[in-house]
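See below for the structure under consideration.
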Amino acid sequence: MNRVSGIISAALRGERVAPDAALALATCDDLGLLSAAAGRLRDQGHGSRISYSPKVFIPLTQLCRDVCHYCTFAQTPKKLAAPYLSPDQVLAIARAGAAAGCHEALFTLGDKPELRYATARRALAALGHDSTLSYLAEMARRVLAETGLLPHLNAGVMDRDELLQLRKVSVSQGLMLESVSARLLEPGLPHHGSPDKSPELRLATIEAAGQAAIPFTTGILIGIGETRRERIESLLALRDQHDAHGHLQEFIIQNFRRKPGTPMAAAPEPSLDDLAWTVAVARLLLGPEANIQAPPNLSPNGLGLLLRAGINDWGGVSPLTRDHVNPEAPWPEVERLAAATAQEGKLLLPRLPVYPSYAQQTERWLAPGLRAPVLRRVDASGYVRGDDWSPGARIPIPAVSLRPSLAAGPLIGSSPVYQAANRAASGQRLSEDEIVTLFEARGRDQEVVCAAADDLRAAVAGDTVTYIVTRNINYTNICSFKCGFCAFSKGRGPRELREPAYDLPLEEIQARARDARQRGAVEVCLQGGIHPRYDGQTYIDICGAIKAVEPDLHIHAFSPLEIRQGARTLGVSVEEMLRALKAAGLSSLPGTAAEILDDEVRRVICPDKLDTEQWLEVVRTAHVVGLTTTATIMFGHVDQPRHWARHLLHLRDLQQETGGITELVPLPFVHMGAPIYREGRARRGPTYRESLLMHAVGRLVLHPHIRNIQTSWTKMGRQGALMALQAGANDLGGTLMNESISRAAGADHGQELPAAEMEAMIRSIGRTPAQRANDYGLAWNESVMARCN
């Protein structure tokens, strides 16, 4: 027992359990000890999240050349109405699944039945195919194209070329190893007469799938005559495969169920405790990040036990079709599964057939034609989007609670989310991992984060909601940069553009500045594309022209990219450029062009733009010369919570150094017109949950250094912005007048929100409106307010 305790302690420290130590676990019968450790290890990797895949089951053929002694799925031709489902039958099942809310089309079939049955060969020929795999590929392709369901294929033993052909039409594939014990092939044992159950062949298929970069599902079948030591040897073999290629997205621990009419109809089934023992050992051997599943329909009375033993996934659950492999075991309703999961303090989440971490790396793991369908379905963590909302779209906001109900039980002060939120609210600098924990909060944890942020907002900013009367002046939409997220910038030709290319003369900029002042604006905000004919003097001249006609207007202008461009074209330093602009009348800089301050992301969305350190250096230098800046984060495209965490930490550290950032402005990615989305390389903006959390987590992480969190009504919509004001934000931004960047990307929330309407919105949630200046000093005076209203 001392050795087992040492093995467990090492596993909990993140150490790999060596093979000899792993085999020693075969003699440990202390399920409580193993499960407690496995549950802790699972929580390290997955927190409170337990996933499942809403799927529809498509049994393409029940013919098989193998004769496993426990199987009722495989049938002889005489027992089937037809050897294969017809295309119409396949598509009817898939359409019904899509209508029922499924994401996965699980194709199951026997192993190469045409090698055994002439009936199968004739049926395939009539369908226009020479192999089962060829017909499978056609039907997977059609299901994806005609129903949108994502195919997952369990097609048996294959070589690398066959796997690669199916990779083109499926997001994931699978093959159960079952056992590495060749002994089970001997006469009288369950795999006798089944050539495809050779462990050597099955491991070769799994190996080939890794070489082909296929997200792969595998696992072991327990209770068919193997020993516990052989189970551990099987898990170690799979671990070696995953270590080599990283492709085993799921490890299934499946318990044998005896079935009438099979040679093993009287064989004993493994107990629930034996199944839980195997799950716990699998977790200890495979580590915290592994996805370990046990089918819930095969152990309906042991769901809590399996959760405590360390699973993090329930596998595919169908609301429509039965489990054709285990027809005697109906799927539990999702509501019952969610309740059993919640009873163990966990949250049930739907996923795609490709697991979240693989869905976050589509370039590596998916064929080109499958990347867009996956990206359009997932959130930043790789799970199924929890709502249909997208930034900028006129879609009703989802119902959401911003405060945890005490009726659901007391808050757990030791939870990682609760602890991180409280540490942040006390002004402590969180780690990247702690911030990721906040961003990944769901359910009650999400309510905890939003409530903590709103309480902090009340303590820091009170119940006043500020806004500024401003006018946007976008002086040109011609840009020589090729940012993948931008639908505003134009090239030389105006074809297929939302609006033609333009370049405003100084006289038009002056006219717009005068008009802004007459309408009560205290600020003009200027940004544009990087026009190939512009130089630093252009930006200086723009400031001078505005000051010549409206000397009292605050000029909030030029992103760090424009500043660097101006300095480069004049052959001067960034500091010299900023001082020249300040002398010409520049008052502050918008902290745009930040996107995500992580070069891993920037290399994808804006590879020719300034990098993270260059952006930080321009903003730092602006603060040194006496210019304040805002700070933005544009999120919801190819980024992930860890990138958001790094971005916020960069801002916090810079603000602690300089104190020159006036506010954080979260900018949810508007996807409709963005090239990177239209090319199928980005998600469709953040979810509503993620957008609210960005405001809330921004408030917490940046405290006490950045006091103001602004919400963008052009991106969030009016109701969405009001919710953000109740989740940590304290500023409604600008009235804008002529907002065009969000509109160019496809946003439908208007180009102006007059001050009177802003104030009515603010009062509708019981807050007090206050007009402000750019530096957050109040700008109240009767003459200005009369013009604003």
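As an exercise, use a Förster radius of 51 Å and the Cβ-Cβ distance of Asp535 and Asn301 to find the FRET efficiency, rounded to the nearest 0.05.
Numbers: r = 75 Å, r/R0 = 1.47.
After rounding, the FRET efficiency stands at 0.10.
Take peptides 81-93, 524-536, 271-283 and line them up by average Cβ neighbours within 10 Å, highest first, as a rough protection proxy.
Result, highest mean first: 271-283, 524-536, 81-93.
About the centre of its Cα atoms, the range 139-242 shows a dipole size close to 280 debye [charges on the beta carbon of Lys, Arg (+1) and Asp, Glu (-1) only; nearest 20 debye]. HN-Hα J couplings of the range 178-191 from phi, Karplus 6.51/-1.76/1.60, θ = phi - 60°, integer Hz, Gly and Pro as x? With coefficients 6.51, -1.76 and 1.60, one gets 6, 6, 8, 7, 5, 4, 6, 8, 6, x, x, 9, x, 9 Hz.
Distances between every pair of Cα atoms in the range 14-53, grouped in 5 Å steps from 0 to the bin holding the largest one, split as 6, 18, 20, 24, 18, 11, 4, 0 percent.
Looking at the chain, what % of the alpha carbon pairs are farther apart than 38 Å?
Tail of P(r) above 38 Å: 46 percent of Cα pairs.
Share of carbon and sulfur in the accessible area of the range 216-300 stands at 51%, probe radius 1.4 Å.
Normalising the average separation of contacting C-alpha pairs (under 8 angstrom, six or more residues apart) by the number of residues puts the relative contact order of the chain at 12 percent. Protein heavy-atom surface of the range 1-116, 1.4 angstrom probe: 53% of the accessible area is carbon and sulfur, with nucleic acids and ligands not counted.
Residue-wise HN-Hα couplings along the range 250-263, as the Karplus relation 6.51 cos²θ - 1.76 cosθ + 1.60 with θ = phi - 60° gives them from phi, are 7, 10, 9, 10, 10, 9, 4, 10, 6, 9, x, x, 10, x Hz; Gly and Pro carry x. Report the antiparallel proportion of the DSSP beta bridges in the chain as a percent, rounded to a multiple of 5. Of the beta bridges lying entirely in the chain, close to 5 percent run antiparallel.
Considering only protein heavy atoms and a 1.4 Å probe, what is the carbon-and-sulfur percentage of the accessible area of the range 557-620? Can you show the working numbers first?
Values: 1070 of 2250 Å².
C and S atoms contribute 48 percent here.
When the charge dipole of the chain is built from unit charges on Cβ atoms (+1 for Lys and Arg, -1 for Asp and Glu) and taken about the Cα centre, the candidate among Ala267, Ser381, Thr632 whose Cα reaches farthest toward its positive end is Ala267.
Accessible area per residue for the range 624-777, computed on protein heavy atoms with a 1.4 Å probe, is 26 Å².
Helix content alone sets the calculated 222 nm mean residue ellipticity of the chain: runs of n ≥ 4 DSSP H residues at -39500 (n - 2.57) each, divided across all residues, give -12500 deg cm²/dmol. Taking the C-alpha atoms only, the angle from helix 444-461 to the longest principal axis of the chain is near 20 degrees.
As a length-normalised measure over Cα pairs under 8 Å and 6 or more apart, the relative contact order of the range 1-99 settles at 21 percent. Simple rule: put +1 on each Lys or Arg Cβ and -1 on each Asp or Glu Cβ in the chain, find the dipole, and look at Pro356, Cys28, Ala282; the Cα lying farthest toward the positive end is Pro356. Between the helical axis of 272-286 and the longest alpha-carbon principal axis of the chain there is an angle of about 50 degrees. Based on Cα contacts under 8 Å between residues 6+ apart, the range 454-603 shows a relative contact order of 23 percent. Within the same chain, lysines fewer than 8 places from Lys609 are excluded, and of the rest, those with a Cα less than 25 Å from its Cα are Lys482, Lys490, Lys582, Lys715.
Treat every Asp and Glu Cβ in the chain as -1 and every Lys and Arg Cβ as +1, leave all other atoms uncharged, and give the resulting dipole magnitude about the Cα centre to the nearest 20 debye. All intermediate terms of the calculation are to be shown ahead of the outcome.
On the way: 85 positive and 86 negative charges, 223 e Å.
That gives a dipole near 1080 debye.
Shape descriptor for the range 598-647: Rg over Rh equals 1.01 (Cα atoms; Rh from the Kirkwood inverse mean 1/r).
Other residues with beta-carbon under 11 Å from the beta-carbon of Ala584 carry, at +1 per Lys or Arg and -1 per Asp or Glu, a net charge of +2. Remark: spin-label model distance Arg519-Arg763 equals 2.3 nm, labels positioned 7 Å along the Cα→Cβ axis. I'd like the orientation of helix 755-764 relative to the chain: the angle between its Cα long axis and the longest Cα principal axis, in ° from 0 to 90, rounded to 10. Taking Cα atoms only, the helix is inclined about 50 degrees.
Residue ranking by accessible heavy-atom surface, 1.4 Å probe, largest first, among Arg707, Arg423, Arg684 comes out as Arg707, Arg423, Arg684. In the range 198-341, inverting the average of 1/r over every pair of distinct C-alpha atoms gives 16.0 Å as the Kirkwood radius. Mean silhouette area of the range 1-157, derived from the convex hull of its C-alpha atoms and averaged over all directions, reads 13.2 nm².
The values are calculated or read from the model by the stated rules, or taken from the named source; none is laboratory data. Predicted model, so just to flag it, every value in this text is computed and none were measured. Cβ coordinates were reconstructed from backbone atoms using ideal geometry, including for glycine residues, and neighbour counts include every protein chain displayed. Each accessible area value is taken on the protein alone, full model and side chains, heavy atoms only, with ligands, DNA and RNA left out. Shrake-Rupley method; radii C 1.70, N 1.55, O 1.52, S 1.80 Å.
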